[in-house]
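Student: Structure in structure tokens, see below.
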Amino acid sequence: MPSINMKLEMVTIIACEVDIEVFTSDKMQERFEALFRIYDEHTTFQMFKSFRRVRINFGTPEAAARARIELHESEFNGTKLKLYFAQIQNGDEDIDKAYLAPPQPVKQFLISPPASPPVGWSQREDATPVINYDLLCAVAKLGPGEKYELHAGTESTPSVVVHVCESETEEDEAARPKQQIVQTRRPDGPPKVLN
């Protein structure tokens, strides 16, 4: 008989490859549950039909261990029962430090904002646009071909000067001939080989 190493967490057994009739027939389900209720009256069952598995929760680890030892690979409705203890995932104890941990819940707001705004948030009204009439007046006074010094230069800084471009009129465009684009010559084909 195998040695029994009972941990306090081992109160759940998973039955794999359970006969499909256990999920479809109430009578067969009652027979299946009766096998395990012998070991513990307060046993609960969770049926996973699409996986053909049943999770069996016992009240004590001793009852779970006895049921696993005695019923593993026993016959039920023509199929062998395969029973395994459920693996318990220890939350923070077994996290491998070589991998990056997920961010703290406080920081997750920065990664993906919530669907609704946080408590106390209110939308700010858009400010009215500021119209600088002095700037508009100065731009209107600019004439073509003139220079305007915006910032006088010092020994350590350069001066900032705006040169207003002269406007091209239709007369200038007519006097200047339109430049023609020369088409690129097509390369010669490969030499022809005659036999």
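Student: Apply the Karplus parameterisation 6.51 cos²θ - 1.76 cosθ + 1.60, with θ equal to phi minus 60°, to every residue of region 138-154 and state each ³J(HN,Hα) to the nearest whole Hz, in sequence, with x for glycine and proline.
Tutor: 5, 5, 5, 6, 5, x, x, x, 9, 10, 10, 8, 7, 9, 6, x, 10
Student: Arrange the residues TYR99, TYR39, TYR84, TYR148 by how much accessible surface each exposes, largest first, with a 1.4 angstrom probe.
Tutor: From most exposed to least exposed: TYR99, TYR84, TYR148, TYR39.
Student: Can I ask one more? HN-Hα J couplings of region 124-136 from phi, Karplus 6.51/-1.76/1.60, θ = phi - 60°, integer Hz, Gly and Pro as x?
Tutor: These are the phi-based 3J(HN,Hα) values: 7, 6, 5, 6, 5, x, 8, 9, 8, 5, 5, 5, 4 Hz.
Student: What are the residues whose amide H is under 5 Å from the amide H of LYS82, where those residues sit 5 or more places off or on another chain and H is modelled from the backbone?
Tutor: Close amide H contacts, sequence-distant or interchain: CYS16, GLU73.
Student: Hey, if we sort PHE76, PHE85 by accessible area with the 1.4 Å probe, largest down, what's the order?
Tutor: PHE85, PHE76
The values are calculated or read from the model by the stated rules, or taken from the named source; none is laboratory data. Worth saying up front: this structure is predicted, and the values here are computed from it rather than measured. The accessibility values were calculated without ligands, DNA or RNA, using every heavy atom of the protein model including side chains. Shrake-Rupley method; radii C 1.70, N 1.55, O 1.52, S 1.80 Å.
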